[in-house]
Amino acid sequence: AENVVARGARMAFELAGRSFRGATIQCVNRIPLGRGLGSSAAAWVGGLVGANALLGDPLDRGALLTLAARAEGHPDNVAAAILGGLTVSCSTEAGVMAVALPVPADIGWVVLVPEVESSTREARAVLPESVSRADAVFNVQRVSLLLAALGAGRADLLAAAMRDRLHQPYRLRLFPWMSGVEAAALEAGALGCALSGAGSAILAAVGGSSGAVARAMEAALRAAGGRGRALTLAVDTAGATWESLG
């Protein structure tokens with residue numbers, strides 16, 4: 001099958017009305033695959049943005065977002081890859097809508113990347129066809145609180161705001177060590193903790209030094225019989241960019 005980056009490039013050429021005859025593409029992927037970290041979205045966006053640059057930038061970010069969301073099947077991760085920052089997005093009859101919001105600079109982020117990979121298809125298969133009204137209300141309240149807390153700089157609300165009832169309880173059987181890792185992170189000083197996407201990675205927000213939280217998450221995973229590494233990451237606010245090396 002054609003590489004996802006190359007497929008993204010082909011889509012950009014086709015929308016611009018140009019013939020795509022192939023290309024030599026060298027990919028450097030720093031995003032672990034199969035961990036719920038948006039690696040496929042980054043690949044689509046990389047191909048689209050790179051090809052658009054070769055074409056002279058005929059496609060604006062809105063067009064790139066529409067193409068990427070169509071390729072990925074939803075706008076969630078591609079919006080973040082294109083716009084950077086904290087993004088809120090949705091697909092509507094009028095097209096894809098997305099807004100990038102600032103993230104407080106004094107909040108750090110630790111991502112525990114287990115060695116075990118996760119299939120998005122498998123992770124979705126464990127979810128129920130329907131959820132209770134109470135659980136739906138619970139999550140709407142929490143995501144609203146999360147956005148408000150980040151916007152107001154209320155780090156003390158993140159532990160409650162990052163709670164979930166719609167997917168994490170069901171995916172616990174795929175990642176049985178998740179609860180232990182979350183508890184260890186919070187005990188070590190994390191502000192909040194959640195499964196990243198469909199897993200298997202776990203994301204923790206930190207307000208001070210990330211080292212203690214990272215070590216605690218790795219230790220909890222080892223204690224549960226797993227292995228992995230914790231990464232301390234900064235929020236990219238620029239989104240997808242390109243530069244010429246020639």
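Some notes on this structure:
- Test for Glu129: is it acidic (Asp, Glu) and either outside the structural domain of Ser210 (by TED's automatic domain parsing) or surrounded by 18 or more Cβ atoms within 10 Å (Cβ to Cβ) (or both): no
- Any hit, region 171-193, residues being under 16 Å from the mean Cα position of the chain (by Cα), over 20 Å from Met217 (Cα atoms) and surrounded by 13 or more Cβ atoms within 10 Å (Cβ to Cβ): no
- Residue in region 67-74 that is modelled with pLDDT of 95 or more, of a type outside the set (Phe, Trp, Tyr), touching an Asp or Glu at 6+ places or on another chain (Cβ under 8 Å) and buried (at least 18 other Cβ atoms within 10 Å of the Cβ) present: no
- Test for Val88: is it surrounded by 14 or more Cβ atoms within 10 Å (Cβ to Cβ) and closer than 30 Å to Gly207 by Cα: yes
- Search result, residues across region 22-43 that are more than 21 Å from Ala201 (Cα to Cα) and in contact with a helix residue (DSSP H, G or I) (Cβ under 9 Å, 6 or more places away or on another chain): Gly22, Ala23, Ile25, Cys27
- Qualifying residue in region 124-135 (condition: closer than 30 Å to Ala63 by Cα, part of a helix (DSSP H, G or I) and touching a residue at least 60 places away in the same chain (Cβ under 8 Å)): yes
- Within region 201-213, if we keep just the residues that are in contact with a helix residue (DSSP H, G or I) (Cβ under 9 Å, 6 or more places away or on another chain) and at pLDDT 95 or above, the residue that is nearest to Leu86 (Cα to Cα) turns out to be Ala205.
- Taken as a whole, the condition of being more than 21 Å from the chain's Cα centre (by Cα), of a type in the set (A, V, I, L, M) and over 26 Å from Arg121 (Cα atoms) does not apply to Ala205.
- When Arg154, Arg142, Arg165 are screened for being more than 19 Å from Arg215 (Cα to Cα) and either touching a Lys or Arg at 6+ places or on another chain (Cβ under 7 Å) or of a type in the set (Gly, Ala, Ser) (or both), only Arg142 passes.
The values are calculated or read from the model by the stated rules, or taken from the named source; none is laboratory data. This one's a predicted model, so the numbers in the text were calculated from it and none came from an experiment. Here the Cβ is made from the backbone with ideal geometry for all residues, glycine too, and neighbour counts use every protein chain on show.
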